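Computed from the coordinates by the stated procedures, all read-outs in this text should not be read as laboratory data. Predicted model, so just to flag it, every value in this text is computed and none were measured. When we count neighbours, we look across all protein chains shown, and the Cβ atoms used for this are built from the backbone with ideal geometry, even at glycine.
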Amino acid sequence: MKDDRRSRFRDAHTDIETSHEVPDTAQTRAPSYKLAFNDDDFLCREELRPVRLQLELLKPQLLMDEYGVDSTVVLFGGARIPRPENKDQARTQTLADLSKYYDEAREFARLMTLRGMQEEGREYVVCTGGGPGVMEAGNRGAQDAGGVSIGLNIVLPHEQAPNEFVSPDLCFNFHYFAIRKMHFLMRARAVTVFPGGFGTLDETFEALTLIQTGRMERVPFLLFGEAFWRSIINWEALSEAGTISAEDLDLFRFVETAQEAVDIIDNWEGAGTKRDVIPGR
């Protein structure tokens with residue numbers, strides 16, 4: 001997007017180019033002489049963390065604004081869930097059995113992308129973590145529909161590259177988990193969660209907590225695979241213990257298929273509202 005703002009001052013790019021053409025002297029070789037905004041070592045100093053946090057929040061925000069992304073549908077889920085055709089290579093039988101949710105994630109993303117393409121602007125843009133497994137299925141489904149999708153990758157100690165189905169212009173890389181989580185939810189019009197591990201659980205409960213406490217508007221919040229979720233979390237026990245309220249169990253729904261998820265999103269009550277009180281307190 002062209003920046004139509006006018007300035008009487010030289011722009012930063014011009015000064016960077018000019019600074020590369022100065023005479024080579026002891027002074028110009030010194031780290032102190034580098035332009036601050038073009039000095040990687042300076043920007044990575046401990047004291048500059050607040051600036052890096054701001055940049056990491058701002059860059060994806062600006063680029064998504066320029067791309068016209070108005071709302072997203074978020075797909076959380078495990079990176080280890082295989083494609084159905086590769087389920088015989090899964091590490092456990094449970095992972096092999098969960099491979100059916102790869103196809104459901106792919107179909108759900110396809111359906112939501114088609115829906116978004118029927119609206120003005122870019123609505124219901126599929127947003128995943130950009131990795132393998134369920135994330136790949138989500139980006140792949142958006143591509144099946146002829147649409148774009150977002151991938152929010154994060155730097156990990158082991159090598160990880162974005163999956164091949166993320167739209168290149170909407171493929172981002174993060175250092176800070178916290179800022180990445182903000183971008184998952186800032187435009188979310190619906191949140192779907194497929195079976196997964198620690199990362200999926202972390203994202204699930206953080207989002208539910210924001211909605212529970214009124215820090216975030218209610219959106220359709222769907223957990224794919226009721227048997228899986230009930231086997232790892234005793235939701236009713238939390239309510240019976242009083243650590244959450246019975247009303248909190250209405251913040252989400254269990255679903256099994258892509259079409260079921262779409263139907264529930266269409267009929268979700270309370271979307272766009274925020275709690276002003278926390279039940280049970």
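Only helices at least 24 Å long along their axis, Cα-based, and averaging -0.5 or more on Kyte-Doolittle count here, so list those DSSP H runs from the chain.
Span-like helices, by this rule, are 49-67.
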Quick calc of log₁₀ I(q)/I(0), segment 60-128, Debye, one scatterer on every Cα, no solvent, q values 0.22 1/Å, result -0.87
Among Arg52, Arg187, Arg83, which one shows the biggest mean-square fluctuation in a GNM of the chain, springs joining Cα atoms closer than 10 Å?
Arg52
Candidates Tyr102, Tyr67, Tyr33: whichever shows maximal mean-square fluctuation once the chain is modelled as a Gaussian network with Cα springs under 10 Å
Tyr33
Values of log10 I(q)/I(0), in the order q = 0.12, 0.22 Å⁻¹, for segment 84-232 under a Debye, Cα-only, solvent-free model
-0.50, -1.64
Just the Cα atoms of the chain, one point each, no solvent: what log10 I(q)/I(0) does Debye give at q = 0.09, 0.13, 0.15 Å⁻¹?
-0.51, -0.92, -1.14
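Can you compute the equivalent ellipsoid semi-axes for segment 24-67, i.e. the square root of 5 times each eigenvalue of the Cα gyration tensor, sorted largest first and rounded to whole Å?
29, 14, 5
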Quick one: if the Förster radius is 25 Å, what FRET efficiency do Phe254 and Asp276 give, using the C-beta to C-beta distance and rounding to 0.05?
0.40
Choose one answer from Phe177, Phe224, Phe37: the residue with the largest mean-square fluctuation in a GNM of the chain with alpha-carbon springs under 10 Å.
Phe37
Computed from the beta carbon distance with a Förster radius of 41 Å, FRET efficiency for Ser19 and Asp202 to the nearest 0.05 stands at 0.45
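With a cut-off of 8 Å between alpha carbons and a minimum separation of six or more residues, what is the relative contact order of the chain in percent?
Rounded, it is 17 percent for the chain.
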What ranking do Leu208, Leu98 get, fewest neighbouring Cβ atoms within 10 angstrom at the top?
Leu208, Leu98
Just tell me the longest site-free run in the chain, where the sites are GluC sites (Glu not before Pro) in a DSSP loop having at most 15 other beta-carbon atoms within 10 Å.
22-118
Would you count, across the chain, every pair of lysines whose alpha carbons are under 28 angstrom apart, provided the pair is eight or more residues apart or spans two chains?
8
In whole Å, largest first, the alpha carbons of segment 1-74 cover along the principal axes 54, 33, 17
Alpha carbon centroid spacing (whole Å) that separates segment 48-77 from segment 127-153
16
Points 7 angstrom from Cα along the Cβ direction at Leu58 and His158: gap in nanometres?
3.6
